[in-house]
Amino acid sequence: MSDPLYSLDVLRLAAGAKGAGRLGEPDGTGSEHNPACGDRSTVDLMIENGAVTAMAHETKACVLAQASASLLAAAPGMTYADLLRLKAEVAAMLTGGKAPNGPFAGYAVLGDAAHFPSRHKCVLLPINAAIKAFEASQARKPGR
């Protein structure tokens, strides 16, 4: 495949759809929509002691957003600060910085999106939805 945006790794992540679906009674739900292309991601989270214990997403979007959602679902235990750090590291990668490392290293497979500014929001869509879900959980159940 010659298109760097859709490497075999990206296609596998999107096809695997890790975490696809919805949680029955989430602590928080967040949605993001990209009106430019119609992509939409909704993330449900269960939160305990300030960390994600379960995550599910419904991502009706391009392959990049689906792959990003699958990566996000593969990282349980994240705190709000972790989600914010993930967003910052991925955004930096997309604007020419280095790929995330440590627990977020898997996002490096989406690094070729850096060459296509119109696709940055695709990669960030589920991350932003997860941040909104975490914020909604805290508004519903303070101190949890």
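Tallying residues that are outside any helix (DSSP H, G or I) and within 17 Å of Ala130 (Cβ to Cβ) within segment 75-111 yields 6.
Cβ separations smaller than 7 Å between residues 6+ apart or across chains give no pair from segment 113-124 residues that are touching a residue at least 24 places away in the same chain (Cβ under 8 Å) and among the acidic types (Asp, Glu) to residues that are in a helix (DSSP H, G or I) and open to solvent by 30 Å² or more (accessible area, probe 1.4 Å). Please enumerate the residues belonging to segment 112-144 that are more than 15 Å from Ala67 (Cβ to Cβ), part of a helix (DSSP H, G or I) and open to solvent by 50 Å² or more (accessible area, probe 1.4 Å). Listed by number, the residues that qualify are His115, Pro117, Ser118, Lys132, Glu135, Gln138, Ala139, Arg140. I'd like to verify a number: residues in segment 64-76 that are open to solvent by 40 Å² or more (accessible area, probe 1.4 Å) and either over 11 Å from the mean Cα position of the chain (by Cα) or of a type in the set (Ser, Thr, Tyr) (or both), how many? Counting residues in segment 64-76 that are open to solvent by 40 Å² or more (accessible area, probe 1.4 Å) and either over 11 Å from the mean Cα position of the chain (by Cα) or of a type in the set (Ser, Thr, Tyr) (or both) gives 1. When segment 1-49 is filtered for residues that are in contact with a strand residue (DSSP E or B) (Cβ under 6 Å, 6 or more places away or on another chain), on the phi > 0 side of the Ramachandran plot and surrounded by 14 or more Cβ atoms within 10 Å (Cβ to Cβ), only Gly19 remains.
The values are calculated or read from the model by the stated rules, or taken from the named source; none is laboratory data. Computed from a predicted model, the values in this text were never measured in an experiment. We place every Cβ from the backbone using ideal geometry, glycine too, and count neighbours over all the protein chains shown. Calculation scope for accessible area: heavy atoms of the full protein, side chains included, ligands and nucleic acids excluded. Shrake-Rupley method; radii C 1.70, N 1.55, O 1.52, S 1.80 Å.
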